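See structure below.
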Amino acid sequence: MFNGLADWWDGVELWLAQAWFPVQFVLVMVVVVPLCLAAAWVLDKVVGLFARRLAPGRDDDSDGSA
């Protein structure tokens, strides 16, 4: 199974490496950029969750300012 996946990926990689630069650019903008944005959003949420759980308990309104 892994050999088939590796062969398929090698074919995709070879096709992309030999593609015309504007095609590569469009593929990066359409595929890679949204994936990176989604990964950054998930990472932000996970880090925020851990920060809230590990931070000392404080009330945001404890200083009396509104």
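Rolling a 1.4 Å probe over the protein heavy atoms gives the range 1-46 an accessible area of 91 Å² per residue.
May I ask you to list the residues of the range 1-16 whose amide nitrogen lies under 20 Å from a point 7 Å from Cα along the Cα→beta-carbon direction of Val31? Of the residues in the range 1-16, 2-16 have backbone N under 20 Å from the label point off Val31. If R0 is taken as 30 Å, the Cβ-Cβ distance between Val23 and Leu54 corresponds to a FRET efficiency of 0.10.
The values are calculated or read from the model by the stated rules, or taken from the named source; none is laboratory data. Predicted, not measured: the structure shown is a model, and the values here were computed from it. Cβ sites come from the backbone with ideal geometry, for glycine too, and all protein chains shown count toward neighbours. Please note that ligands, DNA and RNA were not included when accessible areas were found on the heavy atoms of the full protein model with its side chains. Shrake-Rupley method; radii C 1.70, N 1.55, O 1.52, S 1.80 Å.
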